[in-house]
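Have a look at the structure below, then the notes.
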Amino acid sequence: MSDPAILVLDEGTTSTRAMLFTADGAMLSSAQQELTQHYPAPGRVEHDATEIWHRTLACAREMVEKAGGADRIACIGITNQRETVVAWDKSTGEPLARALVWQDRRTADFCERLKAEGHEAAVQDHTGLLLDPYFSGTKMRWLVDNEPAVKAASDAGTLALGTIESWLVYKLTGGTFISDASNASRTLLLKLGGSQFDDGLCSLFEVPKAALAEVTDNSGDFGSTLPELFGAPIQISGMVGDQQSATIGQGCLSAGETKATYGTGAFILANKGHDIPASSNRLLGTVLYQEDGQRTYALEGSVFVAGSLVQWLRDGLGLLGTAAETETLARSIDDSGGVVIVPAMSGLGAPHWQPEARGVIAGLSFATGRAQIARAALEAMAHQTYDLAQAFAADGAEWTSLKVDGGMSANDWMAQDIANLLDLPVERPEFVETTALGAAMLAAKGAGMVGSLEEASETMRGSLGTFRPSMENSVREARLTAWRKALAAA
């Protein structure tokens, strides 16, 4: 290896990874460890923050060794699942409770109370977000109210409440407490036009502002790792939420460009430039990235269950040996036999926003087998994407094509089905892990390896493949009719 590499820490929902990239965007190596999912009650999803740290560190050390030592790493970029909340004590650096994962719905009643009091319109106007337990702020409030150790730390002035990038940077540096603007914009506590967490929003959500991090750019010098972690300090120069990172990794740097990432959930973002976005169709306004204090924004639609549906079929029901089987099974039959799945295991996200909804499998018969269930699971991805396409169009952001990425998008059958149902070209990069690539691009800019994100995009992105629609209108309409009936049942 001639030039120093970029180390990316990609903190997902079900696993943590470390990946090595060259300066021109080629992935050299990766290490991955699964994360334990805790489900203490229906609608509750938790992680062990100590496990996240230890397994992330182990993966990072493997990559540093692979690179030939810390002096062969130019910089670190971090990307993460965005709304998960960690509470820790700043005096000890240790977690005070289990982390509440973005899928967790325990604050639904609190959100409903705020809606009933008439707060949602103002919250959406200020933050671009809706009152839903998905977002971080209500989780922070729940931890303070319900975990005695968290309340005690808050009273003592030692409490830290942060999203995963904050937690990792704190542990890597030995105490730097920051949150990048893209992650901070997912908390309900940051005004889209405000530089730091907002006093009024913290008061509304009953979150102690003293426990929150400093909001920063997405690229720059964020400090260096403790020397003992990797044998020598390494600069941290990029931080970004996973969906914003994938948008950057897909090269959606101009207003109007749109991408969809299919991972644990499915997330679609359209670049809106420097104008603060507003939606009349229950889409979200969010910070795409911030450079030198100036923000680029995005309009977003979030689907809570995508790849996790296939994981449930594999691990929960035992219908699959591997996730890759879904493509073979889907191709083995002409249609789903009338089976439709609404994957509302964690409620319905955009554009429906019904946290109380639960999953539905409709159209079962004695002819239903593994193949029909697997195909219906993949078809659910296209159905949910179609609903979002309609909402984006109604908000004046109609798609002319769609760039897809994430682990699920490697499924050729699913990518073609999305193109068919949307009646639009779907573009997929040769390297589908664009979430990690976006973090590498930001880190490269923050470390001065490139002069701009545009330069990073030209240098580091690979070629694209295109799936073109080939479905008859009658078939499309029949699919959508069956989907709407099943959706009503959810």
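The values are calculated or read from the model by the stated rules, or taken from the named source; none is laboratory data. All values derive from a computational prediction rather than experimental measurement. Ideal geometry is used to build each Cβ from the backbone, glycine not excepted, and the neighbour counts take in all protein chains shown.
In the set 185, 203, only one residue is at pLDDT 95 or above and either of a type outside the set (S, T, N, Q) or surrounded by 20 or more Cβ atoms within 10 Å (Cβ to Cβ) (or both); that residue is 185. Tallying residues that are touching a Lys or Arg at 6+ places or on another chain (Cβ under 9 Å) and either on the phi > 0 side of the Ramachandran plot or touching a residue at least 60 places away in the same chain (Cβ under 8 Å) (or both) within the stretch 104-118 yields 3. The residues of the stretch 267-297 that are of a type in the set (A, V, I, L, M, F, W, C) and either modelled with pLDDT under 95 or under 27 Å from residue 383 (Cβ atoms) (or both), listed by number, are 267, 268, 269, 270, 276, 278, 283, 284, 288. Selection of the stretch 144-178 for residues being assigned to a helix (DSSP H, G or I) and under 22 Å from the mean Cα position of the chain (by Cα) yields 164, 165, 166, 167, 168, 169, 170, 171, 172.
Restricting attention to the stretch 243-255, does a residue exist that is surrounded by fewer than 18 Cβ atoms within 10 Å (Cβ to Cβ) and either modelled with pLDDT of 95 or more or farther than 23 Å from residue 83 by Cα (or both)? Full working, then the answer.
Residues of the stretch 243-255 that are surrounded by fewer than 18 Cβ atoms within 10 Å (Cβ to Cβ), as a first pass: 254-255.
If we keep only those that are either modelled with pLDDT of 95 or more or farther than 23 Å from residue 83 by Cα (or both) as well, we get 254-255.
Yes, the stretch 243-255 contains a residue that is surrounded by fewer than 18 Cβ atoms within 10 Å (Cβ to Cβ) and either modelled with pLDDT of 95 or more or farther than 23 Å from residue 83 by Cα (or both).
Can you find, within the stretch 33-83, the residue that is nearest to residue 303 (Cα to Cα) among those that are hydrophobic (A, V, I, L, M, F, W, C) and assigned to a strand (DSSP E or B)? Across the stretch 33-83, the extreme among qualifying residues is 78. Being in a loop (DSSP other than H, G, I, E, B) and without any contact (Cβ under 8 Å) to a residue 60 or more places away in the chain is the filter here, so list the residues in the stretch 330-354 that pass it. Passing the criteria: 332, 333, 334, 335, 336, 337, 339, 343. Restricting to the stretch 301-332, name every residue that is more than 25 Å from residue 358 (Cβ to Cβ) and of a type in the set (D, E, K, R). If the condition is that a residue be more than 25 Å from residue 358 (Cβ to Cβ) and of a type in the set (D, E, K, R), then 325, 327, 331 are the ones that fit. Pairing residues of the stretch 124-146 that are surrounded by fewer than 24 Cβ atoms within 10 Å (Cβ to Cβ) with residues that are of a type in the set (Val, Ile, Thr), at Cβ distances under 6 Å and at least 6 apart in sequence or on separate chains, gives 141/207; 142/107; 144/150. Residues of the stretch 446-477 that are surrounded by 13 or more Cβ atoms within 10 Å (Cβ to Cβ) and assigned to a helix (DSSP H, G or I): 446, 453, 454, 455, 456, 457, 459, 460, 476.
Only residues that are touching a Lys or Arg at 6+ places or on another chain (Cβ under 9 Å), surrounded by fewer than 21 Cβ atoms within 10 Å (Cβ to Cβ) and charged (D, E, K, R) were counted across the stretch 256-305, and they come to 2.
Any idea which of 51, 34, 83, 94 is touching a residue at least 12 places away in the same chain (Cβ under 8 Å) and under 19 Å from residue 142 (Cβ atoms)? Can you show your working first?
Numbers: 51 fails: under 19 Å from residue 142 (Cβ atoms); 34 fails: under 19 Å from residue 142 (Cβ atoms); 94 fails: under 19 Å from residue 142 (Cβ atoms).
When all the criteria are applied, what remains is 83.
Out of curiosity, is residue 105 surrounded by 17 or more Cβ atoms within 10 Å (Cβ to Cβ) and not in a strand (DSSP E or B)? Yes, satisfied.
Being within 24 Å of residue 182 (Cα to Cα) and aromatic (Phe, Trp, Tyr) narrows it down to one residue among 110, 21; which is it? Steps first, answer last, please.
Working: 110 fails: within 24 Å of residue 182 (Cα to Cα).
None of the other options fit; the residue is 21.
A quick yes/no check of all residues on (1) of a type in the set (Val, Ile, Thr); (2) over 19 Å from residue 248 (Cβ atoms); (3) modelled with pLDDT of 95 or more:
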residue	(1), (2), (3)
2	no, yes, no
14	yes, yes, no
33	no, yes, yes
37	no, yes, no
52	yes, yes, yes
55	no, yes, yes
65	no, yes, yes
74	no, no, yes
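Among the candidates 195, 203, single out the residue that is of a type in the set (Ser, Thr, Tyr) and out of contact with any strand residue (DSSP E or B) (no Cβ under 9 Å at 6 or more places or on another chain).
Values: 195 fails: out of contact with any strand residue (DSSP E or B) (no Cβ under 9 Å at 6 or more places or on another chain).
After ruling out the rest, the residue left standing is 203.
Residue-level check: of (1) closer than 25 Å to residue 54 by Cα; (2) assigned to a helix (DSSP H, G or I), residue 204 misses just (1). Checking each residue in the stretch 306-329 for being more than 22 Å from the chain's Cα centre (by Cα), part of a loop (DSSP other than H, G, I, E, B) and surrounded by 17 or more Cβ atoms within 10 Å (Cβ to Cβ) picks out 319, 320. If you go through the stretch 341-358 one residue at a time, do you hit one that is at pLDDT 95 or above, over 23 Å from residue 105 (Cα atoms) and of a type in the set (A, V, I, L, M)? Scanning the stretch 341-358, I find no residue that is at pLDDT 95 or above, over 23 Å from residue 105 (Cα atoms) and of a type in the set (A, V, I, L, M), so the answer is no. When the stretch 161-182 is limited to residues that are aliphatic (A, V, I, L, M) and surrounded by 24 or more Cβ atoms within 10 Å (Cβ to Cβ), the one that is farthest from residue 196 (Cα to Cα) turns out to be 172.
So which residues in the stretch 55-70 are without any contact (Cβ under 8 Å) to a residue 40 or more places away in the chain and touching a strand residue (DSSP E or B) at 6+ places or on another chain (Cβ under 9 Å), if there are any at all? Break it down stepwise before answering.
Let us first name the residues in the stretch 55-70 that are without any contact (Cβ under 8 Å) to a residue 40 or more places away in the chain, namely 55, 58, 65.
Scanning the stretch 55-70 gives 55, 58.
For the stretch 386-430, which residues satisfy the criterion of being outside any helix (DSSP H, G or I), among the small types (Gly, Ala, Ser) and either more than 19 Å from residue 285 (Cα to Cα) or modelled with pLDDT of 90 or more (or both)?
We begin by selecting, within the stretch 386-430, every residue outside any helix (DSSP H, G or I); these are 395-406, 411, 423-430.
Applying the additional criterion that residues be among the small types (Gly, Ala, Ser) yields 396-397, 401, 406.
The answer is 401, 406.
Tell me, please, whether a residue that is out of contact with any Gly (no Cβ under 6 Å at 6 or more places or on another chain), surrounded by 19 or more Cβ atoms within 10 Å (Cβ to Cβ), among the charged types (D, E, K, R) and closer than 13 Å to residue 262 by Cα can be found in the stretch 410-430. Checked the stretch 410-430: no residue is out of contact with any Gly (no Cβ under 6 Å at 6 or more places or on another chain), surrounded by 19 or more Cβ atoms within 10 Å (Cβ to Cβ), among the charged types (D, E, K, R) and closer than 13 Å to residue 262 by Cα.
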